[in-house]
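Have a look at the structure below before the remarks.
The values are calculated or read from the model by the stated rules, or taken from the named source; none is laboratory data. In this text the structure is predicted, and so the values were computed from the model without any measurement. When we count neighbours, we look across all protein chains shown, and the Cβ atoms used for this are built from the backbone with ideal geometry, even at glycine. For accessibility, only protein heavy atoms count, side chains too; no ligands or nucleic acids. Shrake-Rupley method; radii C 1.70, N 1.55, O 1.52, S 1.80 Å.
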Amino acid sequence: MIYEIKRGNLTAKVDTLGAQLVSLKGENGFEYLWTGDLAYWKGQAPVLFPMVGALREGKTKIDGEWYEMGQHGLARHREFTLAEQGESCISLRLNSDFETKKQYPFEFSLTVTYTLSDKGIETRFTVENIGDKVLPFAVGGHPGFNIPVNESAAFADYTICFPEPETQTCLAIVMGKGLIDPGKTAFELKNEREIPLRHELFYGDALIFEGLRSDTVQVVNKATGKGIEMDFSQFPMLGIWSAKNDGPYVCLEPWTGCATRTDEGDEFEKKKGMTFLPAGGTAEFAFSVKIL
């Protein structure tokens, strides 16, 4: 089911399947969110839980038992229920059940809340451990944005901009497997704030940043000021991605964890970036998007 929320000139739509944002329209009805064109990528803004990225051969070991889970976890394939709705805010909830435990044998409640502001939208993940043992998880967002942004321009007219100078080594992703290879480098920043946007950046999959000095990132046309800004300050990692066949969009992806690394084993609890929530505990992570 699709729900709609509004505030000022902004309208957002959210699908109960996966609690996915499926539309973010602004002035003049322009669609800022990627439309899910099958020629490039059918997703739009999937919710990543209880893991981010891929497992080795799609399998992981939990308490000595093997489980299978697809890329980015199970939440994006599950039907959420409406928890609360206002004019400019909506919360959708997924509780663990018999089917989720076939992939992830834990008791949890995941609530995804979308709140419109005057200039954009906030996405908030609330994870509750409703079981009696520690809950290991990672969570993240994956929203894609149409490029160009509400103007006549080319993809290459845009720049990825950080407010602070960054020195980063983005590790390579093993094509076809989705694993992160710490022995290979895909991209580097050396005390730089800007990355000119070009399709070739993503021919080897996503650029993965970790421990950035910056709390925000922009994809902006510097000549016009048009673009998108994301505040990812509550997340230690940021992925930036687009289709390897020159898709006309860019995904800005705040993560608490990442795909299995080639130097890791297959135990779920030992994956890089896992959050461990005690019985009865609650954790929240939020990111916001502002239209420039």
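Model label points for THR169 and ALA223, set 7 angstrom from Cα along the Cα-to-Cβ axis, are 3.7 nm apart.
For the chain, the per residue solvent-accessible surface stands at 44 Å², with DNA, RNA and ligands left out and a 1.4 Å probe.
Estimated from the Cβ-Cβ distance and a Förster radius of 35 angstrom, the FRET efficiency linking ASP263 and GLU79 is about 0.45. Once you divide the Cα radius of gyration of the range 100-219 by 2.2 N^0.38 Å, the number left is 1.34. Here the scattering of the range 48-91 is modelled by Debye summation over its C-alpha atoms, one equal scatterer each and no solvent; at q = 0.15, 0.24, 0.31 Å⁻¹ the log10 of I(q)/I(0) is -0.52, -0.84, -1.07.
With bins 5 Å wide beginning at 0, the percent of Cα pairs of the range 150-292 falling in each bin runs 2, 9, 17, 21, 20, 15, 9, 5, 2, 1, 0. SER152 contributes an accessible area of around 120 Å² to the protein surface, as traced by a 1.4 Å probe with all chains present. For the range 238-292, evaluate the Debye formula with one uniform point scatterer on each Cα (no solvent term) and list log10 I(q)/I(0) at q = 0.18, 0.24 Å⁻¹, rounded to two decimals. After summing over all Cα pairs, the log10 values are -0.88, -1.06.
Each residue of the range 243-249 was assigned a 3J(HN,Hα) from its phi angle through the Karplus curve 6.51 cos²θ - 1.76 cosθ + 1.60 (θ = phi - 60°); the sequence is 5, 6, 9, 6, x, x, 7 Hz, with glycine and proline shown as x. Placing +1 on the Cβ of every Lys and Arg and -1 on the Cβ of every Asp and Glu, with no other charges, gives the range 1-100 a dipole of roughly 220 debye about its Cα centre. List the relative contact order of the range 115-199 as a percent without decimals, with contacts defined as Cα pairs under 8 Å and 6+ residues apart. Result for the range 115-199 is 25 percent.
Taken over the chain, the convex hull of the Cα atoms encloses 122 Å³ per residue. How many nm is it between the label spots at LYS270 and TRP66, if each spot is 7 Å from the Cα in line with the beta carbon? Going by the 7 Å Cα→Cβ label model, 1.7 nm. A Gaussian network model of the chain, with springs between Cα atoms under 10 Å, assigns the largest mean-square fluctuation among ALA206, ALA186, ALA83 to ALA83. Accessible surface for LYS25 stands near 90 Å², nearest 10, in the context of the full protein assembly shown (1.4 Å probe). Extension gain for the segment GLU284 to ASP246, taken as residue separation times 0.36 nm less the Cα-Cα distance, is 10.2 nm to one decimal.
Counting only Cβ charges, +1 for Lys and Arg and -1 for Asp and Glu, the dipole size of the range 126-183 around its Cα centre is about 260 debye.
Under the criterion of Cα pairs below 8 Å and six or more residues apart, the relative contact order for the chain equals 20 percent.
Pairs from the list LYS222/LYS271; LYS13/LYS102; LYS6/LYS244; LYS119/LYS222; LYS101/LYS271; LYS59/LYS184 with a Cα-Cα gap above 27 Å: LYS222/LYS271; LYS13/LYS102; LYS6/LYS244.
Quick one: if the Förster radius is 22 Å, what FRET efficiency do ALA156 and PHE187 give, using the C-beta to C-beta distance and rounding to 0.05?
0.85
The portion of the accessible surface of the chain made up by carbon and sulfur, rounded to a whole percent, is 45 (1.4 Å probe; DNA, RNA and ligands excluded). For GLN103 and MET1, FRET efficiency with R0 = 25 Å and r from the beta-carbon atoms, rounded to 0.05? Calculated value: 0.60. Take the Cα of GLU57, step 7 Å toward its Cβ, do the same at LYS133, and the gap between the two points is 2.3 nm.
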